[in-house]
Amino acid sequence: MLRIAIQKSGRLSDDSIKLFKECGIQFDSSSSGKLKSISANFPAEFLFLRDDDIPGYVEDGVADLGIVGENVYTETGRQVTVVHKLGFSKCRLSLAIPRGTQWNGVEDLQGRGVATSYPRILGNYLKENGVEADIHEISGSVEIAPSIGLADAVCDIVSSGSTLLSNGLKEVEVIYRSEAILIAAPNLSDEKALLLDKIMFRIKAVQAAQNHKYILLNCPADAVDKIMQYIPGMKAPTVLPLVTEGWVSLHSVINENDFWTNIEKIREAGAEGILVIPIEKMIR
Ligand code: ATP
Ligand code: ZN
């Protein structure tokens, strides 16, 4: 049985649970006090933990797999395998300073105090830039440090920037970008590696589906060749005759990103009655 560590409650939890459920792996994630849950239909047990503890548990083999932010993976420096990027919980680690202060570059931090929960990532960044600063490690509410005189700058997680703003700070430098990743213990047994392959197959099908849409449209039969250029589909589009003489229905798959770029060209080529429908799973 695979033991999979996910965050108990926080910014990774909902999407981690959703990912496994979309992969058809059922487990009880409802009761908040719960620490473990065994899947009813896949040989896996889920462990609900604090995110900071997950890389350590995976390194020690207490858990076989885990989902964490890349920021936590890098900061903890644990010897685990990064299996796959998951595309959610995107955020950045940035330097910020009081709003009225001038900023010329990271060299401004020479000899200054910087408060952070990420001493390792910040330390590496300063070192790469040849800057020596005092790193004050604090575990939470880093953004208040300048206003209480604890530091001249902060290095903290930013997504929208509103927390910085409400504390009178401005973001001046992005030093690290992060998203959720799937990590694995370094020496999985063959049985467990096989289960991981199965999970990866499903994750890729779910991710591919999220980036694609099923598209149906009507067009004159002689417009098919032109329209096909924009929606080639997985192998080729399906073309079905309409009852109306000389017209067909064309079915295909389109990349979400290409949709708005190509929609005008598809219409100009003669398409009408265009329907775009979400895909649940996609296996190439
Ligand atoms: P825990 O109680 O488990 O230690 P935490 O408070 O340390 O939780 P969260 O705030 O839930 O952690 O963030 C978990 C991870 O989500 C972060 O390590 C980061 O990778 C990502 N993250 C943090 N802030 C944001 C945000 N505003 N938007 C998206 N992702 C974020
Ligand atoms: Zn945490």
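Between residue 268 and residue 247, what length comes free when the chain is fully extended (0.36 nm per residue of separation minus the Cα-Cα distance, one decimal in nm)?
6.0 nm
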task: Using the structure shown, list the pairs from 21/281; 85/127; 21/90 with a Cα-Cα distance above 22 Å, or answer none.
output: 85/127
- prompt: Just how much of residue 15 is accessible, in Å², when a 1.4 Å probe is used and the result is rounded to the nearest 10?
  reply: 60 Å²
message: So the label point goes 7 Å from the Cα of residue 222 along Cα→C-beta, right? Which residues of the stretch 244-284 then have their backbone N under 15 Å from it?
response: 245-248, 269-271
statement: Rounded to the nearest 10 Å², the accessible area of residue 89 using a 1.4 Å probe with every protein chain kept is 30 Å²
message: Give the residue list of GluC sites (Glu not before Pro) in the stretch 190-284 that are DSSP loop and have at most 11 other beta-carbon atoms within 10 angstrom.
response: 245, 280
Amide hydrogen neighbours beyond the local backbone of residue 279, cut-off 5 Å, H modeled: 214
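So, with a 1.4 angstrom probe, what is the percent of accessible area on the stretch 181-255 that is carbon and sulfur? List each step's numbers first, then the result.
On the way: 2260 of 4130 Å².
C and S fraction of accessible area: 55 percent.
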message: Whole angstrom only: what separates the Cα centroid of the stretch 138-192 from the Cα centroid of the stretch 202-247?
response: 43 Å
query: Over the Cα atoms of the stretch 212-278, what Rg and Dmax result, in angstrom?
result: 10.8, 34
task: Search the structure for amide H atoms under 5 Å from the amide H of residue 138, placed 1.01 Å from N in the peptide plane, and list their residues when 5 or more places away or on another chain.
output: 116, 117
- request: Could you provide, to the nearest whole Å², the per residue accessible area of the stretch 132-268 with probe 1.4 Å?
  value: 57 Å²
- request: In whole Hz, with x marking every Gly and Pro, tabulate ³J(HN,Hα) for the stretch 225-235 from phi via Karplus 6.51 cos²θ - 1.76 cosθ + 1.60, θ = phi - 60°.
  value: 4, 5, 5, 4, 4, 8, 10, x, x, 6, 10
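Round to the nearest 0.05 the FRET efficiency obtained for residue 137 and residue 107 when R0 = 35 Å and r is the Cβ-Cβ distance.
Using R0 = 35 Å, I get an efficiency of 0.95.
Loop only by DSSP, 14 or fewer other Cβ within 10 Å of the Cβ. Give me the trypsin sites (Lys or Arg not before Pro) in the stretch 45-127 that pass, ordered by residue number.
Values: sites: 50, 78, 85, 90, 92, 99, 112, 120, 127; in loops: 50, 78, 90, 99, 112.
Sites meeting the loop and neighbour criteria: 50, 90, 99, 112.
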message: As an exercise, identify the GluC sites (Glu not before Pro) in the stretch 43-141 lying in DSSP coil whose Cβ has no more than 13 other Cβ atoms within 10 Å.
response: 132
query: Excluding same-chain residues fewer than 8 positions from residue 226, which lysines have a Cα within less than 26 Å of its Cα?
result: 213, 235, 265
- prompt: So who's got an amide H within less than 5 Å of the one on residue 176, skipping anything under 5 residues away but keeping other chains? H placed 1.01 Å off N, in plane.
  reply: 93
- line: Checked the chain with the C-alpha gyration tensor, a ≥ b ≥ c its square-rooted eigenvalues, rounded below a/c of 1.5, otherwise prolate if a/b is larger than b/c and oblate if not; verdict oblate
- prompt: In bins 5 Å wide, starting from 0, what share of all Cα pairs of the stretch 91-178 does each bin hold, as a percent?
  reply: 3, 16, 30, 30, 17, 4, 0
message: List the residue ranges in the chain for DSSP H helices whose C-alpha atoms run 24 angstrom or more along the long axis and whose Kyte-Doolittle average is -1.0 or above.
response: 190-210
task: Express in nm, to one decimal, how much length is gained between residue 174 and residue 38 on full extension, taking 0.36 nm for each residue of separation and deducting their alpha carbon distance.
output: 45.0 nm
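The values are calculated or read from the model by the stated rules, or taken from the named source; none is laboratory data. Quantities reported herein were computed from a predicted structural model and do not represent experimental measurements. Here the Cβ is made from the backbone with ideal geometry for all residues, glycine too, and neighbour counts use every protein chain on show. When the accessible area is computed, the model is the full protein with side chains, heavy atoms only, and any ligands, DNA or RNA have been set aside. Shrake-Rupley method; radii C 1.70, N 1.55, O 1.52, S 1.80 Å.
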